[in-house]
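The values are calculated or read from the model by the stated rules, or taken from the named source; none is laboratory data. Predicted, not measured: the structure shown is a model, and the values here were computed from it. Here the Cβ is made from the backbone with ideal geometry for all residues, glycine too, and neighbour counts use every protein chain on show. Note: areas computed on protein heavy atoms with side chains; ligands, DNA, RNA excluded. Shrake-Rupley method; radii C 1.70, N 1.55, O 1.52, S 1.80 Å.
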Amino acid sequence: MQKEIQWVISNITLQMNNSNYDVVHVRRGDKALDSKRWPNLDKDTRADALLKRLPELIQPGRFLYVSTDERSPGFFDPLKDKFNVRLLQDFKELWSPGSGWYQVYSDMLGKDVVFDSYMEAMVDYEVTRLAQKAIETFNDLTSDPRDGKQ
């Protein structure tokens with residue numbers, strides 16, 4: 001199974017200027033909703049705030065892979081004004097039914113397969129690890145502590 005996931009990762013990175021890309025990890029989800037523990041996270045990770053902050057950290061015009069738990073379609077679209085933005089879902093043709101990945105897995109398992117959240121996390125991790133530069137939510141984008149303890 002690892003070999004097939006690596007194929008997905010390789011194809012994603014190659015489609016981003018032959019692996020010459022940067023990553024921003026934007027943690028939102030449940031933490032952005034908990035303003036008691038993370039009072040700044042929601043506003044610091046909104047697209048308008050990222051559009052102001054990221055050009056200080058990443059050269060505009062570069063491929064920017066956004067690793068995120070944000071599920072709102074179009075949430076990061078404003079970043080496209082400055083960066084060549086890609087999200088994991090932009091590459092779903094790599095694992096959709098009819099793809100080579102899907103065919104290999106379904107043949108191997110003898111049933112239909114789902115590209116689940118575990119596989120998404122593995123791909124996001126590796127795409128981030130292979131980036132030229134990685135910007136982190138809690139180290140670079142917000143003053144809120146990772147663990148929510150003030």
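Do you know which residues across segment 82-119 are of a type in the set (Ser, Thr, Tyr) and either in contact (Cβ under 8 Å) with a residue 40 or more places away in the chain or within 17 Å of Trp7 (Cα to Cα) (or both)?
Passing the criteria: Ser96, Ser99, Tyr102, Tyr105, Ser106, Tyr118.
Restricting to segment 7-48, give me the number of residues that are in contact (Cβ under 8 Å) with a residue 40 or more places away in the chain and within 18 Å of the chain's Cα centre (by Cα).
24
Working only within segment 1-36, note down all residues that are open to solvent by 20 Å² or more (accessible area, probe 1.4 Å), closer than 15 Å to Thr137 by Cα and of a type in the set (Lys, Arg).
Arg27, Lys31, listed by residue number.
Tell me which residues, restricted to segment 18-40, are at pLDDT 90 or above and either at positive phi or in a strand (DSSP E or B) (or both).
Tyr21, Asp22, Val23, Val24, His25, Val26 - these are the residues of segment 18-40 that are at pLDDT 90 or above and either at positive phi or in a strand (DSSP E or B) (or both).
Could you check segment 114-150 and list, in sequence order, the residues that are of a type in the set (A, V, I, L, M, F, W, C), within 15 Å of Lys92 (Cα to Cα), over 12 Å from the mean Cα position of the chain (by Cα) and open to solvent by 40 Å² or more (accessible area, probe 1.4 Å)?
The answer is Val114, and nothing else.
Limited to segment 58-93, what total is found for residues that are surrounded by 15 or more Cβ atoms within 10 Å (Cβ to Cβ) and either at pLDDT below 95 or assigned to a strand (DSSP E or B) (or both)?
12
Looking at this structure, is Arg46 at pLDDT below 95, under 27 Å from Pro145 (Cα atoms) and open to solvent by 60 Å² or more (accessible area, probe 1.4 Å)?
Answer is yes for this residue.
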